[in-house]
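The values are calculated or read from the model by the stated rules, or taken from the named source; none is laboratory data. Keep in mind that what you see is a predicted model, and the values were worked out from it rather than measured. With ideal geometry, Cβ positions are generated from the backbone for all residues, glycine too; neighbour counts draw on all protein chains shown. With ligands, DNA and RNA removed, areas are computed over all heavy atoms of the protein, side chains included. Shrake-Rupley method; radii C 1.70, N 1.55, O 1.52, S 1.80 Å.
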Amino acid sequence: MAEPTTKLSEAGPQSPGHRRALEAAVSGIAGQERPGQVEMADAIAQAIDSGRHLLVQAGTGTGKSLGYLAPALVAVAEGSADRIVVATATLALQSQLADNDIPAALAAVEKVTGKRPRHAVLKGRTNYACLYRARSGGADDQAALFGVDDLAATLPSAGAGEPDSALGAEVLRLREWIEEEDGRTGLADRDSAPSHSERGWQQVSIPVRECLGPQRCPYGDACFVERSRDVARAADLVVTNHALLAINAMHGETALPEHDAVIIDEAHELVSRVTGAASSELSPQAIERVGRRAASYLEDEVALDLLESADTLRAALDASPLDRIEDPDSAFGQACAVVRTAARRAVSELTSGGEKTDPDQRQAAAVVKEIFDIAERMAAMSQHDVIWVTERERTGREACVAPLTVSGLMRASIFGARTVVLTSATLKLGGDFNAVAASVGLRPDERDESAIVEVDHDTDDDGDDEKADPNRPQPWRGLDVGSPFDYPRQGILYIATDLPPPGRDGLSEATLKEIAELVWAAGGRTLGLFSSRRAAEAAATYVRKQLPKQTILCQGDAQLTELKRRFVAEEEVSLFGTLSLWQGVDVPGSTCTQVIIDRIPFPRPDDPLLMARQRSVAEAGGNGFMAVAATHAALLLAQGTGRLIRRLSDRGLVAILDPRLATARYGSYLRASLPPFWPTRDREVAVQALRRLVERAEQA
């Protein structure tokens, strides 16, 4: 890793503004100098100035947030960018930015430039309350909206009160809070709302398809969503999420205000979030709910056709395999055509009144139109879509549709229109940026590894000529600024080559014994990351029996937030779980001395979307396994092993109980994606290292 031209502590009056602002921000939070953070800020300032895209891998502890906020805010303060968008994957990071990092960066930029940029947090429509829904009730027929099973789930216990009493009381509390916020802040944001369920919030918010629009809505002048957009249009820095960034790309850039650059944090999740935003589901239950909601506005025959189309779809789903569907003439394809025809007739009748149509009827038309759009998309069986049948435990079978790839969308609508910076602790897979770059639409032949140059804002050449062609993304550069952690000294990677390769029959007896021995050696203090709920539960059951004095928590024992809380608070507790624990668990210190991974997390062979993507790459002449399955596994392994070292004083061991990581041909690619821990394949070395760490923790 190249060192920065000057250290942060050497930044003086002649240093670029972003460096002086970074120095002031770090000083303001009593932070420490981090060379990787300075190098990152330099690279981002140069990317914004030149218009060239940048992928920055910044390891845990680098201080990514200030590393990109300082150059971004200086750019808007000095006028080299009109507005910059920061997109995150999680609400937790949005809150951290808004509450901590942005205020510190703004104070620093004001100190350096004499100007204080304005910022705003912008979320999707359903994150804000809807005055029309809250005040008029809108479509508050709960039987139509939720169904009996959904309503029963809102009750504190079976038979407690009337079927809608718990939900009704919750909605009343929310409505009172909304009126208070209307008079106080004018932004009734879900994150600041009283405690509530998902169903309760649905009663006071509205999805985009049902919104009447500010011109038609009787409360349009006071709309919280419109107010949030007004605030964002007046801001120099807008913080949003990956999903809204995707919606902006898919719908003609109407969701976000115009911006010159976008910085995408947690970028390892970008493709999955964009895929999610571009995906849809269709179930008989959804058609029935929508049909009941619209029935009072429809002729009996039209309403009956819509409701009966749900039965047609149900029969087709029951007759279909739980797999991808590609035949438009199949029973499923024909059922989608039936739903499409019935929904089209209903939409036509619901909208026949034009502008004079009742607001509730317009909303009913909108939800029926969504059914029509999804059915039409599924009936088309486009080669660019993947359609499959799945089954949910509570609601039964449903159909799903997702884009085969989102790289084209991102290339044209995100990277083709402005400067983009991607940053994450895990962007280099197999030791290179090309896999992640390809997934977002950037090609290897567009890569430019020329050295960073000092940013000179006085130059007349601001790169506008290069940025003029929106159909050709600018060259991109990959930069790894490293991590402040000394991974070879702080962590051990143990690969259990003496164990049998994982099979389809679950964890072997030898693997279970190995898990119990490792947990014993670590004195608990273990985060177990498993490929399935079945494996996690089997391991928890076995270890509890072998080590009765140890507390082993397993996903499913209680709410995940409660399990995480106990794992953090009780040092000798172990926590076993599945994919929801592979990312976002931050447990510094000896509480998490060990991470156990039962097997390489390849996608399941029954995952229709990833298997379709793998086949598509192979048909185009590429290596589908490496491009999709191995890349998927590398990303999860990097995230999972990254749970171990969270601060400079952390010490621990990652145990991967899958010998293929050492023996298979693809093993070197996966190992190159992991932090550079000190490696061993000797079980005794691993056990003794854990025992020493326990002794040290007990003496502390």
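Can you confirm whether Gly252 is over 17 Å from Ile178 (Cβ atoms), small (Gly, Ala, Ser), open to solvent by 50 Å² or more (accessible area, probe 1.4 Å) and assigned to a loop (DSSP other than H, G, I, E, B)? First the steps, then the outcome.
On the way: over 17 Å from Ile178 (Cβ atoms): yes; small (Gly, Ala, Ser): yes; open to solvent by 50 Å² or more (accessible area, probe 1.4 Å): yes; assigned to a loop (DSSP other than H, G, I, E, B): yes.
Judged against the criteria, Gly252 is a match.
Specify the residue that is nearest to Thr426 (Cα to Cα); the eligible residues are those in region 46-74 that are in contact with a Pro (Cβ under 7 Å, 6 or more places away or on another chain) and open to solvent by 10 Å² or more (accessible area, probe 1.4 Å). Quick ask: steps written out before the conclusion?
Within region 46-74, the first condition is being in contact with a Pro (Cβ under 7 Å, 6 or more places away or on another chain), and the residues that meet it are 48, 52-53, 61-62, 73.
Those still in the list that are open to solvent by 10 Å² or more (accessible area, probe 1.4 Å) too: 48, 52, 61.
Details: Ile48: 22, Arg52: 21, Gly61: 13 Å.
Among those residues, the one meeting the criterion is Gly61.
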Between Pro321, Pro359, Pro328, which is touching a Phe, Trp or Tyr at 6+ places or on another chain (Cβ under 8 Å), surrounded by fewer than 19 Cβ atoms within 10 Å (Cβ to Cβ) and touching a residue at least 24 places away in the same chain (Cβ under 8 Å)?
Pro359
Are there any pairs with C-beta distances below 6 angstrom linking a residue in region 30-43 that is of a type in the set (A, V, I, L, M, F, W, C) to a residue that is crowded, with 17+ Cβ neighbours inside 10 Å and not in a helix (DSSP H, G or I), with the two at least 6 apart or on different chains, and if so which?
Val38/Pro4; Met40/Val56; Met40/Ala58; Met40/Val481; Ala43/Leu54; Ala43/Ile452; Ala43/Leu479
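Conditions (1) crowded, with 18+ Cβ neighbours inside 10 Å; (2) in a strand (DSSP E or B), marked per residue:
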{"site": "Ile374", "(1), (2)": "yes, no"}
{"site": "Ala379", "(1), (2)": "yes, no"}
{"site": "Ser382", "(1), (2)": "no, no"}
{"site": "Val386", "(1), (2)": "yes, yes"}
{"site": "Glu391", "(1), (2)": "no, yes"}
{"site": "Leu409", "(1), (2)": "yes, no"}
{"site": "Ser413", "(1), (2)": "yes, no"}
{"site": "Ala417", "(1), (2)": "yes, no"}
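Before we move on, is Glu281 open to solvent by 50 Å² or more (accessible area, probe 1.4 Å), more than 15 Å from Ala365 (Cβ to Cβ), of a type outside the set (Ser, Thr, Tyr) and touching a Cys at 6+ places or on another chain (Cβ under 7 Å)?
Working: open to solvent by 50 Å² or more (accessible area, probe 1.4 Å): yes; more than 15 Å from Ala365 (Cβ to Cβ): yes; of a type outside the set (Ser, Thr, Tyr): yes; touching a Cys at 6+ places or on another chain (Cβ under 7 Å): yes.
Considered against the rule, which asks whether it is open to solvent by 50 Å² or more (accessible area, probe 1.4 Å), more than 15 Å from Ala365 (Cβ to Cβ), of a type outside the set (Ser, Thr, Tyr) and touching a Cys at 6+ places or on another chain (Cβ under 7 Å), Glu281 comes out as yes.
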Being within 23 Å of the chain's Cα centre (by Cα) and either among the charged types (D, E, K, R) or under 23 Å from Pro117 (Cβ atoms) (or both) is the filter here, so list the residues in region 195-241 that pass it.
Glu198, Arg199, Arg209, Ser228, Arg229, Ala232, Leu237, Val238, Val239, Thr240, Asn241
Among residues belonging to region 266-295 that are among the polar types (S, T, N, Q) and in a helix (DSSP H, G or I), point out the one that is nearest to Val401 (Cα to Cα).
Thr275
Count, please, the residues in region 393-417 that happen to be at pLDDT 90 or above and more than 22 Å from the chain's Cα centre (by Cα).
4
Scanning region 520-571 for residues that are of a type in the set (A, V, I, L, M), under 24 Å from Arg504 (Cα atoms) and touching a residue at least 40 places away in the same chain (Cβ under 8 Å) gives Leu527, Leu529, Ala535, Ala536, Ala539
